[in-house]
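Chemist: Got a structure here, written out as structure tokens. Questions coming.
The values are calculated or read from the model by the stated rules, or taken from the named source; none is laboratory data. None of these values were measured; they are calculated from a predicted model. Neighbour counts run over all protein chains shown; Cβ positions are idealised from the backbone, glycine included.
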Amino acid sequence: MVHAIEAFTSKRLKNPLSDMLARRALQLLAGHQRRVLSHPNDMVAREAMLLGATLAGQAFANAPVAAVHALAYPLGGHYHMPHGLSNALMLPAVLRFNAPVCEALYLDLATLLPQPVGPGVEGFVVWFEQLIADAGLPQSLSDAKVPEQDLPMLAADAMQQQRLLVNNPMTVDESAALALYRSAWEGRV
Ligand SMILES: [Fe+2]
């Protein structure tokens, strides 16, 4: 889902084909994630997830990922956190950060979610926060045992990911990265 969202809002190389792939990917993934969590042996739901993951991969092969990934990589490197978890931990903060320039795109994606969401970009973000909570994942960097004093080091490390940061719709400098880590450390607003 992060692959689809970041491809759909990428500042560089986004195009009608990557948009089509990203939209269908998010629809499939969002539409079947809860079913797979509650019924892991449902092969129809799992097939939909696999197809969604494949289409999302094709989307970001054409329109590259951005700040969620740039900020997630240091978490994987320092704490051996799985890629999906590190992305989930950074997603809500980055969505809110990008909202001023991505509102129309996020509202478009919100129409693809399986249930109606609350108003505005905030409703879109809260849908993902609720899914993260219901999936039993840590909901903040503090829940995931990331030491608060490490946040400046993580922000400095994220600056190494310029190949990803240049794709982000909002500029992320080191102070913005630190604010995003702090927001993710504190968790759900
Ligand atoms: Fe990824």
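Chemist: Out of everything in segment 103-135 that is within 14 Å of the chain's Cα centre (by Cα) and of a type outside the set (A, V, I, L, M), what residue ends up being farthest from the ligand (Cβ to nearest atom)?
Modeler: Looking at residues that are within 14 Å of the chain's Cα centre (by Cα) and of a type outside the set (A, V, I, L, M), I get Gln130.
Chemist: Somewhere in segment 96-119, is a residue closer than 24 Å to His80 by Cβ, of a type in the set (A, V, I, L, M, F, W, C), outside any helix (DSSP H, G or I) and out of contact with any Lys or Arg (no Cβ under 8 Å at 6 or more places or on another chain)?
Modeler: Checked segment 96-119: no residue is closer than 24 Å to His80 by Cβ, of a type in the set (A, V, I, L, M, F, W, C), outside any helix (DSSP H, G or I) and out of contact with any Lys or Arg (no Cβ under 8 Å at 6 or more places or on another chain).
Okay, residues lined up against (1) closer than 15 Å to Gly76 by Cα; (2) not aliphatic (A, V, I, L, M):
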residue	(1), (2)
Leu113	no, no
Gly136	no, yes
Asp150	yes, yes
Asp157	yes, yes
Gln160	yes, yes
Ser175	no, yes
Leu178	no, no
Arg188	no, yes
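Chemist: So is Ala63 more than 21 Å from Glu129 (Cβ to Cβ), surrounded by 19 or more Cβ atoms within 10 Å (Cβ to Cβ) and away from the ligand (no atom under 16 Å from the Cβ) or not?
Modeler: Taking the combined requirement at face value, the residue does not satisfy it.
Chemist: When the residues of segment 66-77 are narrowed to those that are buried (at least 18 other Cβ atoms within 10 Å of the Cβ) and of a type outside the set (A, V, I, L, M), which ends up farthest from the ligand (Cβ to nearest atom)?
Modeler: Pro74
Chemist: Taking segment 78-93 as the region of interest, how many residues are more than 14 Å from the ligand (Cβ to nearest atom) and part of a helix (DSSP H, G or I)?
Modeler: Selection size over segment 78-93: 4.
Chemist: Okay, next question. Being exposed (fewer than 15 other Cβ atoms within 10 Å of the Cβ) and either touching a residue at least 40 places away in the same chain (Cβ under 8 Å) or hydroxyl-bearing (Ser, Thr, Tyr) (or both) is true for just one of Asp134, Asp173, Asp157. Which residue is that? Reasoning before the result, please.
Modeler: Working: Asp173 fails: either touching a residue at least 40 places away in the same chain (Cβ under 8 Å) or hydroxyl-bearing (Ser, Thr, Tyr) (or both); Asp157 fails: exposed (fewer than 15 other Cβ atoms within 10 Å of the Cβ).
None of the others qualify; the one that does is Asp134.
Chemist: Related question: When the residues of segment 1-59 are filtered to those that are part of a helix (DSSP H, G or I) and of a type in the set (Val, Ile, Thr), which remaining residue is nearest to the ligand (Cβ to nearest atom)?
Modeler: Within segment 1-59, the match that is nearest to the ligand (Cβ to nearest atom) is Val2.
Chemist: Does Ala66 satisfy the criteria of being modelled with pLDDT of 95 or more, within 21 Å of Tyr106 (Cα to Cα) and within 13 Å of the chain's Cα centre (by Cα)? Can you show your working first?
Modeler: Working: modelled with pLDDT of 95 or more: yes; within 21 Å of Tyr106 (Cα to Cα): yes; within 13 Å of the chain's Cα centre (by Cα): yes.
Yes.
Chemist: Show the residue pairs that are 6+ apart or on different chains and have beta-carbon atoms under 7 Å apart, the first residue being within segment 106-117 and closer than 15 Å to Val2 by Cβ, the second being assigned to a helix (DSSP H, G or I) and of a type in the set (Phe, Trp, Tyr).
Modeler: The qualifying pairs are Tyr106/Phe124; Leu109/Phe8; Leu109/Phe124; Leu113/Trp127.
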